[in-house]
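To start, the structure under review is shown below, and the notes come after it.
The values are calculated or read from the model by the stated rules, or taken from the named source; none is laboratory data. The shown structure was predicted, so the numbers you read here are calculated from the model rather than taken from an experiment. All Cβ positions, even for glycine, are placed from backbone atoms using ideal geometry, and neighbour counts span all protein chains on display. The accessibility values were calculated without ligands, DNA or RNA, using every heavy atom of the protein model including side chains. Shrake-Rupley method; radii C 1.70, N 1.55, O 1.52, S 1.80 Å.
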Amino acid sequence: MTDSVRTDIQQDTILVGIGASPGIAIGSSHLVNRARTCVMERSISAEEVEQEIALFRQAIDLSRQQLEEVKANVVNHDLAEHLYIIDTHLLILDDQMLVGQTEAQIRQELINAGGALRRTLSRFRQAFADIEDEYLRERHSDVDSVGERLMRNLLGVVQESLQNVEHRSIVVAHLLSPADTMQMDKSKIVGFVTDLGGRTSHTAILARSLGIPAVVGLETATAMIPEHLPMIVDGIHGTVVLNPSAATFKEYLQKKQSFEYLEKELLALRDVPAETLDGKKVTLCANVEFVEEIDPALRHGAQGIGLFRTEFLFMNRNQPPDEEEQVAAYRNIVERMAPDSVTIRTLDVGGDKFVPEINLEDEANPAMGLRAIRFSLKEVKLFRMQLRAILRASAFGKVRLMFPMISGIRELRDCLAHLAEVKAELKRDGCPFDDELPVGIMVETPAAAMIAELLAREVDFFSIGTNDLIQYCLAVDRGNENVAYLYEPLHPAVLRALKMTCDAARNAGIEVSMCGEMAGDPLYVLVLLGLGFDQLSMNAPAIPRVKQVLRQLHSDEGWMLLKELLTLATAADVTLRIEDEMLRRFPKLFLPTPL
Ligand code: PEP
Ligand code: MG
């Protein structure tokens, strides 16, 4: 494989990036020029203004036409539901910030269209760069790819198509747009790598949907890789091997086969029931933030959406979505998941979730500040609009409503009072909705865990958000790497908070679920079973493995282990004990993966 290409690259050179779509691809490089276009800013005279604006508008029209063509040419069924990404890009072409600011600069600063567009794009880039939340930060890539398309059209650069490539090509590009990914022909393109990009960019999401292995964020891929270089993409570990030796090639061929075998085996579990050996059912659901995650959720056997983070709807725009737009978005997900339920959580902004469109004041301690339900109870108009939209969506399927970060009864009652009033309004307006829609809270503050018994009397379900519960219980910022060593899901304090909450739910006869990251780790299944969870909600790919473990356990065994764990004094002791138990029971499942 290596003999046919002359290259200065040493055999088995490894590049490390971010695994954006799992799987192994073996092929040869195909370089695609998607480098940022270079444009000179130049001053123009007042007479040239209209001409520059006309050029800019022509570029917008051409971009619109190209995106419409991409949409029209999508034949792959896996992608049909993702076409809305192209719609989003079409909307960005109308965006007042992008278009308005660029035109304003042409007029006011008297600069050429390319220079003005470049300035607008770098302003966007800066605004997004500081955002901590990965998903929110990555939404910038949509603006970026539309901006670059516009720029190329403005400069008359012809965009090379991805359709006429050789078989077994691995596309190497600076950055690929979602439209590029949609055009990939899987029978020819086996993988791709990019210099830029993150795991939650739409390009990465589409790659996962298509099952194309991808590594992004490699920084130097386009600088290092020549055309037709034999290479391997390991999308599981985020590595790329250039110029592989015969031994490496053989090794990866085996890894590829075993990955594909394992995937098939796990996906085959999709339709088997999620229940223990003695028939205790645990509903396994998916957490989603945006509509394109519904398809992977269904593919992995999700029995509902246990957490729909609605924050995503409020991003990449000047104004929060109005009621109609929210209804349409919620309804879409609810109908796609029917007859299973969708738990819609009201807006959770603040803390580490920065939504640029909502003006949050700078706070010294945002995690403990005006976050989540506290923000909604302050911005009552926005809150009630969201409640109306969620209720209206409940006419189209099974919806559960959930309030985030509740810390007391007063707060909960305020939420319920708003809900009652909004329901009365809808009735007056003759708008149908599910009057019996279950209402629950996220238990993610120690206060809520401690008064779970009181809260349980006033709601229909609890969902424990361990990501926050751990951070608040242990006073450890979930995003701060300096204290990451203290972020221990199995700290005895966390275990007790979980138990208190589950006990309170059971005593009150309400359902208890977990939707934090902890729910998707197969290592914890036995303990969570012991705690008595009715539902676990996680990222979709985690579902089959959790199900596989669950199906080999007996419900009593969890309880016995939990009793023992509660006598242990440190997180390390608890972890060791669980690992010991799970390794003994599932020696294969918890072995370091062969990949
Ligand atoms: C949690 O805190 O565990 C949770 C699921 O919510 P989020 O991660 O959105 O804060
Ligand atoms: Mg949370």
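Values as computed for the structure displayed
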item: Verdict on ALA372 being touching an Asp or Glu at 6+ places or on another chain (Cβ under 6 Å), surrounded by 24 or more Cβ atoms within 10 Å (Cβ to Cβ) and modelled with pLDDT of 95 or more; result: no
item: Tally, over the stretch 321-338, of residues that are within 15 Å of ASP295 (Cβ to Cβ), open to solvent by less than 80 Å² (accessible area, probe 1.4 Å) and among the acidic types (Asp, Glu); result: 0
item: Matching residues in the stretch 487-503 - criterion: being hydrophobic (A, V, I, L, M, F, W, C) and open to solvent by 70 Å² or more (accessible area, probe 1.4 Å); result: MET500
item: Among the residues listed as LYS427, LYS398, the single one being in contact (Cβ under 8 Å) with a residue 60 or more places away in the chain and over 27 Å from GLN319 (Cβ atoms); result: LYS398
item: Filter pass, GLU564 being part of a helix (DSSP H, G or I), open to solvent by 50 Å² or more (accessible area, probe 1.4 Å) and not aromatic (Phe, Trp, Tyr); result: yes
item: Tabulated pairs, the stretch 23-39, first at pLDDT 75 or above, second charged (D, E, K, R) and assigned to a strand (DSSP E or B), C-beta under 7 angstrom, 6+ apart or interchain; result: ILE24/ASP234
item: First in the stretch 434-445 and small (Gly, Ala, Ser), second anywhere and more than 16 Å from ligand 1 (Cβ to nearest atom), Cβ under 7 Å, 6 or more apart; result: GLY440/VAL459; GLY440/ASP460
item: Residue match in the stretch 436-453 (condition: open to solvent by 50 Å² or more (accessible area, probe 1.4 Å), under 27 Å from ALA519 (Cα atoms) and either within 16 Å of ligand 2 (Cβ to nearest atom) or not aliphatic (A, V, I, L, M) (or both)); result: yes
item: Entirely in the stretch 148-235, the helices (runs of 4 or more DSSP H) that have 3 or more residues that are of a type in the set (Gly, Ala, Ser) and at pLDDT 85 or above; result: none
item: Enumeration of residues in the stretch 513-534 that are more than 16 Å from ligand 2 (Cβ to nearest atom) and either among the hydrophobic types (A, V, I, L, M, F, W, C) or in a strand (DSSP E or B) (or both); result: LEU523, VAL525, LEU526, VAL527, LEU528, LEU529, LEU531, PHE533
item: Residues located in the stretch 40-54, provided they are open to solvent by 70 Å² or more (accessible area, probe 1.4 Å) and either in contact with a Ser or Thr (Cβ under 7 Å, 6 or more places away or on another chain) or closer than 25 Å to ASP94 by Cβ (or both); result: GLU41, GLU50, GLN51
item: Test for PHE433: is it surrounded by 17 or more Cβ atoms within 10 Å (Cβ to Cβ) and more than 16 Å from ligand 1 (Cβ to nearest atom); result: yes
item: Tally of residues being open to solvent by 10 Å² or more (accessible area, probe 1.4 Å), within 16 Å of ligand 1 (Cβ to nearest atom) and in contact with a strand residue (DSSP E or B) (Cβ under 8 Å, 6 or more places away or on another chain) across the stretch 504-534; result: 2
item: Residues satisfying the stated conditions in the stretch 279-295, i.e. within 13 Å of ALA540 (Cα to Cα), open to solvent by less than 10 Å² (accessible area, probe 1.4 Å) and modelled with pLDDT of 85 or more; result: LEU284, CYS285, ALA286, VAL288, ILE294
item: Any hit, the stretch 343-358, residues being more than 16 Å from ligand 1 (Cβ to nearest atom), open to solvent by 10 Å² or more (accessible area, probe 1.4 Å) and out of contact with any helix residue (DSSP H, G or I) (no Cβ under 7 Å at 6 or more places or on another chain); result: no
item: Qualifying positions in the stretch 415-441 - assigned to a helix (DSSP H, G or I) and either closer than 19 Å to SER376 by Cα or within 30 Å of the chain's Cα centre (by Cα) (or both); result: CYS415, LEU416, ALA417, HIS418, LEU419, ALA420, GLU421, VAL422, LYS423, GLU425
item: Filter pass, ASP468 being within 16 Å of ligand 2 (Cβ to nearest atom), open to solvent by less than 10 Å² (accessible area, probe 1.4 Å), at pLDDT below 95 and out of contact with any Pro (no Cβ under 6 Å at 6 or more places or on another chain); result: yes
item: Single residue of the stretch 389-412 satisfying the filter (in a strand (DSSP E or B) and open to solvent by less than 20 Å² (accessible area, probe 1.4 Å)) that is farthest from ligand 1 (Cβ to nearest atom); result: VAL399
